[in-house]
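Input: a single structure, listed below in structure tokens.
Throughout, read-outs are computed from the coordinates displayed, never taken from laboratory work. Please read these numbers as outputs of a predicted model, since none were measured by experiment. Every residue, glycine as well, gets a Cβ built from its backbone with ideal geometry; the counts of neighbours run over all protein chains shown.
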Amino acid sequence: MFTSRPLEESDLARICTFVQNEEELQYFYPAAKFPLTPEQIVEKVQTRQLPTCILHENEVVAFANLYQVEDKSCFLGNVIIAPAFRGRGAAAFLLETMIDQAKARFGITVMKLITHNTNTRGLIFYRKHGFIPVELLSNRTDAGEYIVGIRMERSVV
């Protein structure tokens, strides 16, 4: 049903349409400005590893990458799913694809991520997939509101 491949320049405009509002952009890429642009994604992926797209019938439906790859661990970042594919298995396929790639390419044994306290759907999803909370990080939005980043980890041995 789903396949994966590296990010291509032609995917950027499509990925930008996945972000429905400023709150979702905070989850996907906190430093970006709404509306998301291809240039912002290009800027971010220059400092990331394995920018990956998930496809359904040759249409990009999800995206993520890795960062801070070190000491047999890394962070999963910039996770976004097309609205029409949320709750349909694309996120689970993306997660397992990123874990498999990180293990094969970098030999990681621990996958980490940070999600926001307001991202209830993300928290439930990651917990269901074996991630446990390990640290709370205090941040501020552009509007000056406090938000808590919850660092989660999962062993992938």
Computed [θ] at 222 nm, deg cm²/dmol, the chain (DSSP H ≥ 4; -39,500 (n - 2.57); rounded to nearest 500)
-8500 deg cm²/dmol
When DSSP assigns beta bridges and you keep just the ones with both residues in segment 2-155, what percent turn out antiparallel, to the nearest 5?
90 percent
Could you bin all the Cα-Cα distances of segment 63-119 into 5 Å bins starting at 0 and give me the percent of pairs in each, rounded to whole numbers?
4, 19, 28, 23, 16, 8, 2, 0
Residues whose placed amide H lies under 5 Å from that of I147, excluding near-sequence neighbours
N139, R140, T141
Hand me the GluC sites (Glu not before Pro) from segment 125-157 located in a DSSP loop with no more than 16 other Cβ atoms within 10 Å, in residue order please.
E145
Summed residue charge, Cβ within 11 Å of E153's Cβ, Lys/Arg positive, Asp/Glu negative:
+2
Rounded if a/c under 1.5, otherwise prolate or oblate - the chain, Cα gyration tensor axes
rounded
Charges only on Cβ, +1 for Lys and Arg, -1 for Asp and Glu: so what's the dipole of the chain about the Cα centre, in debye to the nearest 20?
500 debye
What relative contact order, as a whole-number percentage, does segment 2-155 give when Cα pairs under 8 Å and 6 or more residues apart are counted?
19 percent
Number of Lys pairs in the chain with C-alpha atoms less than 22 angstrom apart, excluding same-chain neighbours closer than eight positions?
7
Check each of the GluC sites (Glu not before Pro) in segment 1-86 and keep only those in coil by DSSP with at most 16 other C-beta atoms within 10 angstrom; list them in order.
E8, E57
